């Protein structure tokens, strides 16, 4: 029975599948029916292979046409890349669009890379292109440069489909993984990952927000959630979520002609190591970031005759629809204020401001479209504005710029204008300004930020061009403003006194701004970038030695006291004395100018803090003259030194100012009527911190090393470190000679002086640096005279205190001096 059953089942099986030979024949017939050359036809049914276009981009696809057609099918995003765009270079700019508390700010740029799409077999590769090294392809060394700069693959995509179109063939890839995966170059920067101890990307909490295509760019927004053990906010979640915007911009097929950088004219620039130069070393070539302003062919004769012409393409800024209506005219005026500078470059109407079209007029218009530069109004408590730009790394051509305008920049402007001008300006004597006053301040900031987007960095040396007393002249300031450049941090005229009627209070587009725009933008027709150099050099030499045309770079630790932030005039001591006189006029009126029935004292507290902050700035401006070195860039065809120490007489004048204005207790700022309304305690500590901060600034190891070096180089012309230390000690400890009682503030100051001397006894070596806007003087503290001088000062001070104890009858003063003596003994002999 079992045998019969098995035979019957076997027969049924053979009837169904046939014999092995029969099965082979059936299989071969099925092969013949399958589509031929599926790969060649751009489609196929093999799972994971290249599919027919209609199977990938289905009728349900939502398509956004542009640089690439972007298709969304269900939850997948596809790029349809025209074959003509393979091997074209594109710029990827990554920004944090929305951020968690404590991580930067919305709009901040985190990475910029040049990319190239490349098709290889059944893959599309996204390669990173470097322009850090270069040699012309006509030179033999070009091959070596290429071999040393192999382009890494950022991401590899499977080709999903091919669009066979005789006019515009294209290749389809799934783009989603580029943004969903943890591609570090497009995501959270490594320094944030390290700081917040990020371990991995949480894919379940990460997603693509949108992908939009425009004629010249593609904008992808995606939310990334990272598992982080030290998140700066919402720590209970153990993670950080940020929204990132990646802009991919098609670079021009023909790069703009470069203009080479010169450090004597301030400009944002980029560098490239050129191995093809006729030199016995590799050299970095630097060239400007600037807009492509060109003369129309039909206007060349007019331009050559000196007539103003309109450029082929204007620089146009749109003002965000979200901007409050009352501020729009002022922002626009700040943009168009630069027209006078471009006229120096030979162009009229080179830069204009426009309203964006309404959604009804142009539903496709978007501030993310790279064709549009926009002043973007952000509802943020950040009291700031900034003007970043995107430029072509091959040539420096600025392609687009968005000015980020944060709502609370108005608070910043109110505070600056109040504390720097209220003593002489009735329009600033309150907590809320009239619209026309605030509008004028907005126009000022708008012009400053636009200057950055045109390629200009801060020129911190500009404000030192004017004699201090000229800033008190109505005729002078109306003609020249308060500084030759609006790109300085020369805010408002704190030098002017109440009797200086009609004086200007802020800078405008100045002499330096016009000069720098001409130097960077005026076309030099018929010349190559190399051939332009002698002409550009001659434009600089025309104004050599004129402080109005000087560029002073931004610094971190200040080396050059004539290139500081927030200062005015050519003499920080005199300017600060005028400024303090005005602060003393403001203090008694603070309660009156901030009062309002039913309001608490928050505004009083804020503006009182602004007064103290302004006073602190003056102390910094003056103290940085001690050990200071002026920096005036020159080339071999110019006479004179680049680096010149501040004169001994001026350094001693600065020391005397600090002793009088700060180290002698500034009682004018300790107003009990104000303090009793804004705080329960803190006044003594506030004065201590201000005085101690200035002592520490004076006794930086770098500053002391410069004083030692200046004496070694210039002898009696220098301000020796020993003399500076003597002057400082004599002022801070003057009660030891007079026998006067030492009050609380002075006791704190004297302890701070001892603490700093103790620090100098063990201070670590300092490595020098001039990178970026920082400056550090290199010091080997263990082998310099710094410790020797600090030890001598402690011994001298010990003797002075011992003598002073005999003169001072005040009990608290004696306790203080006895304690100071013990501190010094412990420093000199820790055992």
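We did not get these values from a lab; they are worked out from the coordinates using the rules stated. The model shown is predicted, which means the values in this text are computed figures rather than measured ones. Counting neighbours? That spans all protein chains shown, and the Cβs are built from the backbone with ideal geometry, glycine included.
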TODO: Consider just the alpha-carbon atoms of segment 379-471 and return their Rg together with their Dmax, both in angstrom.
DONE: 16.3, 52
Task: Whole-percent pair-distance distribution, where bins are 10 Å wide, for the alpha carbons of the chain - done: 2, 10, 16, 20, 19, 14, 8, 4, 2, 2, 1, 1, 0, 0
TODO: May I have the convex hull volume per residue, in Å³, for the Cα set of segment 544-700?
DONE: 131
- [ ] Could you line up 247, 681 from fewest to most neighbouring Cβ atoms inside 10 Å?
- [x] 681, 247
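What ranking, highest mean first, results for peptides 527-539, 86-98, 570-582 when packing means the other Cβ atoms within 10 Å averaged over each residue?
Put in order of decreasing packing, that is 570-582, 86-98, 527-539.
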Open item on the list: Kirkwood hydrodynamic radius, computed over distinct alpha-carbon pairs, for segment 453-604: how many Å, to one decimal?
Closed with: 17.6
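Quickly rank 589-595, 384-390 as a protection proxy: mean count of other C-beta atoms within 10 Å, highest first.
Ranking, from highest mean packing down: 384-390, 589-595.
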Task: Gained length - residue 659 relative to residue 810, 0.36 nm times residue gap less alpha-carbon distance - done: 52.1 nm
Open item on the list: What number do you get for segment 684-831 when its Cα radius of gyration is normalised by 2.2 N^0.38 Å, N = residues?
Closed with: 1.12
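Can you compute the helix-only [θ] at 222 nm over the chain? Use -39500 (n - 2.57) per DSSP H run of at least 4 residues, normalise by all residues, nearest 500 deg cm²/dmol. Please report the intermediate quantities before stating the final value.
Numbers: 27 runs with 304 residues, N = 831.
Value at 222 nm, helices only, nearest 500: -11000 deg cm²/dmol.
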Task: FRET efficiency, residue 647 to residue 782 (Cβ-Cβ, R0 35 Å, nearest 0.05) - done: 0.70
Open item on the list: Checking the a/c ratio against 1.5 first, then a/b against b/c, what shape does the Cα gyration tensor give for segment 53-250?
Closed with: oblate
TODO: Percent of Cα-Cα pairs per 5 Å bin, from 0 to the last occupied bin, for segment 256-403, please list those.
DONE: 2, 8, 13, 17, 18, 15, 12, 8, 4, 2, 1, 0, 0
Open item on the list: Restricting to bridges with both residues inside the chain, how much of the DSSP beta-bridge set is antiparallel, in percent to the nearest 5?
Closed with: 85
Task: For segment 297-326 versus segment 168-227, the gap between their alpha-carbon centres in whole angstrom - done: 37
Open item on the list: I want to check the label-to-label distance for residue 668 and residue 119. Put each point 7 Å from Cα in the C-beta direction and report it in nm to one decimal.
Closed with: 7.6
Task: Share of Cα-Cα pairs in segment 496-571 lying beyond 15 Å, as whole percent - done: 70
Task: Added length on full extension, which subtracts the Cα-Cα distance from 0.36 nm per residue, residue 340 to residue 584 - done: 84.0 nm
Open item on the list: Can you tell me the length gained on complete extension of the stretch residue 382 to residue 676, counting 0.36 nm per residue apart and subtracting the Cα distance?
Closed with: 102.9 nm
Task: FRET E, pair residue 349, residue 524, Förster distance 30 Å, beta-carbon r, rounded to 0.05 - done: 0.90
- [ ] Could you grab the relative contact order for the chain? Cα pairs under 8 Å, six or more apart, rounded to a whole percent.
- [x] 8
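From Cα pairs below 8 angstrom and at least 6 apart in sequence, can you work out the relative contact order of segment 684-831, rounded to a whole percent?
27
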Open item on the list: Along its three principal axes, how long is segment 184-314 when you only count alpha carbons? Whole Å, largest extent first please.
Closed with: 70, 43, 25
Task: Alpha-carbon centroids, segment 525-568 and segment 237-262: separation in whole Å - done: 28
TODO: Between the alpha-carbon centers of segment 687-730 and segment 473-497, tell me the distance in whole angstrom.
DONE: 31
TODO: Determine, from the Cβ-Cβ distance of residue 741 and residue 600 and an R0 of 56 Å, the FRET efficiency 1/(1 + (r/R0)^6), rounded to the nearest 0.05.
DONE: 0.90
- [ ] Take peptides 49-62, 172-185, 486-499, 402-415 and line them up by average Cβ neighbours within 10 Å, highest first, as a rough protection proxy.
- [x] 486-499, 402-415, 172-185, 49-62
- [ ] Starting from the Cα of residue 769, step 7 Å along the direction of its Cβ; do the same at residue 800; then give the gap between the two resulting points in nm.
- [x] 3.5
